[in-house]
Structure formats: C-alpha cells, structure tokens
Amino acid sequence: MQNTKSPSIEARLSAYLDGEVDENERREIDQLLARDAEARRLLEHLKQGSAFGASGFEAFLHDPVPLSLARRIRQGTDINPKHERVVGAPRKQRRKLWRGALAASCGMLLIGGSTGYLIGRTIDDNTPPTPVVKARTWLDDVTDAHRVYSRQPRHLVEVTAENDEEIRNWLTASTGVSFAIPDLSANKLTFQGARLLVAAGKPTAQLLFKDEDGEVYAICFQRSPTTDDSGRMIESMRDDLALISWNEPGATYVVVGPSATANFKDLADAIADVM
Amino acid sequence: MRPAQETIDISRDLVSLLPRLRRFALTLTRDGLQADDLVETVCERATGRQPVWNGHGRLEDALYTLARTLRDETTGRKRIPANLQDGQSSSENTATAGAVQQMIISMPEGLASAFLLVAVEHRTYRDAGRILDLAPDVIATKLATARARLASMASDMTQRRA
C-alpha cells in the first residue's frame, strides 16, 4: 500500500470504522486490509484511539454535575411556572396527530376489536379492563417514573438524603404540600433522597428509600383539591410493583414498592401516620 | 400511549441530560467553568419563552446545537487556535482519569466535539455536521485526526506506565 499515513487513508479508514462508507468503498477497504499489513496496523491504531477516547468520555459522565450548577438550573426551572410547561409541537400539527391517532384507533377497533381491547388493557386490580383506552392518572406517571429511576442506582435521586432540610423546603415549595420525611428504619428502609416529578401535569414529590437488598421504595405526593379525609387506602398492583394510595384534605399520596414486599400495608400505615 | 410531544417535560429532561450536555459543552469550551456557564445559558434559553425544541427529533440535538451556536456567538465565530501542537498533547500529569479527560478536551478545537458526537454518541456524520455547522467531509477529517491523536495519547500513557 502506498502512503498509508496520508490523512486521506486515515479518513477513509476512520469512516470505515463509523460505517460511513458506501458498498464500493467498503469492498475496496476490505481488499486493502486483506493485502496490506500497514493498512491493518493503521486501522488498529485508529481503533485504539477510539477505545481510548470512548473510555475517557465515559468518565466525564461519572463526574458529578456541580451542585451549584444543578441548583441554579433547578431554581430557574422550578420557580417560574412557565418553565414547567410542556414543550410540544405546534397546536395545528398536534391536532393532525390526534386525528391520525383517532383514525388509526378506529381502524384497529374495526379490524380487530379484540386485539385493540388487549392492547388497551391495563393491569389494575380494582378496575375491570374495558375496551376504551383509559385516561392516564397520576399513579400511571408515578409508576412509570419509579420503573425508570429505580434502575438508576448511580442517579437514583436529585437531592441526596443528607440535604434533608433542602429537600423539605424545595418540595414543599414546589408541590404546595408540607410534609415530614418519615424515619422508616424500623421497617429497614433507608432514606436515599428525593426527586421532583411531573405526574398528571402536576409537580409531584418523590421520596426514595432502599431496603437492605437494594430494593427501591417511593413515597409520592402532590397537591389535590380533594376534601376526602377518610384515610381510606386503595391497593393496586402494576406488574411487579405494588401501590397503596390515599387522600388527605388538599393532597394525595401513594407508596410504591416491590409487589413481593411482606407487610406492605403496614409500611403504608406507618408512612401515613407521619406524613 | 400519548404522543411524545405531550409526555416530555423539558425541565425534567434537562436535569437528566445535564451530564451529557455538560460533557458536550466541555468539548466546545475546553474549560470547566466556561462549560458550566454555557450549560446554564443553554438551560435558560431552553426553558424560556422561545422554545428551542418543537418536539420533533432528539431534544439533546437541539440543546447541543444551541450550545454550539451560543459558543460561536461568544467567540464571535472566531475559532480558537489549538492550544496544543503535535507532540505536545500529553501533559506532565500522572495518568489519572482527570488527566485523561484534560488531554481529551485539550485537543485542537472541534476534534473532541466531532469525536464525541460520532464515535461516542453514535450520530451520523450528517447529524454531527448539523449540530456543529460543519460539512460531513469536515466531520470525517476531524474524526480521523481525533482518533490518531487519541491513539498517540494512549501510546504515551502506556509507555509512561511501563
């Protein structure tokens, strides 16, 4: 091979690594590599550079984002309600999307009503499934958030447990619900910290705990116009997660945890007493 | 399932994208403090009155493009000359992760950004070019140069350890 050190060969091999070559170029480079040891050496050199760079860049993600930066951004997005709006496509386009989705849904029902029924069905112990797609509730959003965040062991919370006063001030201001962080050490749960979620379009506090096995439990609450003070607890299950929810005047609460948890109701009772 | 544009809350996503946004900002500014300032400005703009993202495509691409545009505005589109010449890429620092990171972001302007977008985050040359406002063939050249430099850094470190 002639002049394998020229930038053009490096660029060709680099593009080859990125899959940015057409079929002819790929074939040419395959042939070149098959017959030319220097080309193979250069390719390995570039691969080595890629591996070194990728691992270096991966390390950037493990750097904690400076608290001051996160705080400035959070303050900027929490204080002003306009910052919490949902960014969406232009209204005109959204109508088109909904119209299309509605037409598709009708088509689905007409072609295979039973199939549509199964697709739209949700698992909820207390509500019999219906062929109509149910409106999402705050519990749906809380469950989805729990599934996502409980699998982020390194980034489980936004604010860690040692900043408990900040958590109380921040989430009380954000949700409009005053609360105390329960001590669940008797239940062998350790407070990890908190997040602010959006559930059913409302700011929602999520307090996160872990048990000795690393299983994640969450207490979520948001402001609610309810005047229900019965304290009646409603249990439900979503796949591998158990939920127990209840209302207090002005707020609604839910505890989320693994469905296999023994004495989950007792845990919810203990939490409700403190909250 | 709701349409994507109705389920995504940009403020929540911004917080979760912060590490990646900051990493990209570092490749643009090559300085931690400047990168943090840039990230903060991007977040302010992204949550301001004029949406930077219309719900189509990847939010992070829109944020990256905004970061690059703001950086260009700050520097008056004057490209910062490379602060390292060939053969000077390795510092006297020990081979710590921090030193590796410093070496990477100290590459001549544009190399780390192109490498990050394509080789690490797996964008096409065209998409990376859109973000960086560069033609795909320029991206290709930068990638080849970046890989060669990174390979040299890796060799230097291996020799130093030996």
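The values are calculated or read from the model by the stated rules, or taken from the named source; none is laboratory data. Everything numeric in this text was worked out from a predicted model, so none of it was measured. As a convention, Cβ positions derive from the backbone with ideal geometry for all residues, glycine included, and neighbour counts pool all protein chains shown. Protein only, heavy atoms only, side chains kept; ligands, DNA and RNA dropped before computing areas. Shrake-Rupley method; radii C 1.70, N 1.55, O 1.52, S 1.80 Å.
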Condition first: closer than 12 Å to B:G110 by Cβ and surrounded by fewer than 24 Cβ atoms within 10 Å (Cβ to Cβ). Now tell me which residues in the stretch B:136-148 satisfy that. B:V138, B:T141, B:T145
Would you mind telling me which numbered condition in (1) in a loop (DSSP other than H, G, I, E, B); (2) in contact with a Pro (Cβ under 6 Å, 6 or more places away or on another chain); (3) buried (at least 16 other Cβ atoms within 10 Å of the Cβ) A:D229 fails? (3)
Could you check the stretch A:8-28 and list, in sequence order, the residues that are farther than 23 Å from B:S152 by Cα and surrounded by 11 or more Cβ atoms within 10 Å (Cβ to Cβ)? A:E20, A:V21, A:E25, A:R26, A:R27, A:E28
Has the stretch A:256-271 got at least one residue that is more than 26 Å from the chain's Cα centre (by Cα), surrounded by fewer than 18 Cβ atoms within 10 Å (Cβ to Cβ) and β-branched (V, I, T)? no
Looking at the stretch A:202-214 only, could you name the residues that are charged (D, E, K, R) and without any contact (Cβ under 8 Å) to a residue 60 or more places away in the chain? A:K210, A:D211, A:E212, A:D213
Qualifying positions in the stretch B:20-52 - among the aliphatic types (A, V, I, L, M), open to solvent by less than 60 Å² (accessible area, probe 1.4 Å) and modelled with pLDDT under 90: B:A46, B:V52
Can you pull out the residues in the stretch A:159-173 that are of a type in the set (D, E, K, R) and either open to solvent by 70 Å² or more (accessible area, probe 1.4 Å) or closer than 20 Å to A:E215 by Cβ (or both)? A:E162, A:E165, A:R168
Considering each residue of the stretch B:38-65, count those that are within 9 Å of another protein chain (Cβ to nearest Cβ) and of a type in the set (D, E), and give that number. 2
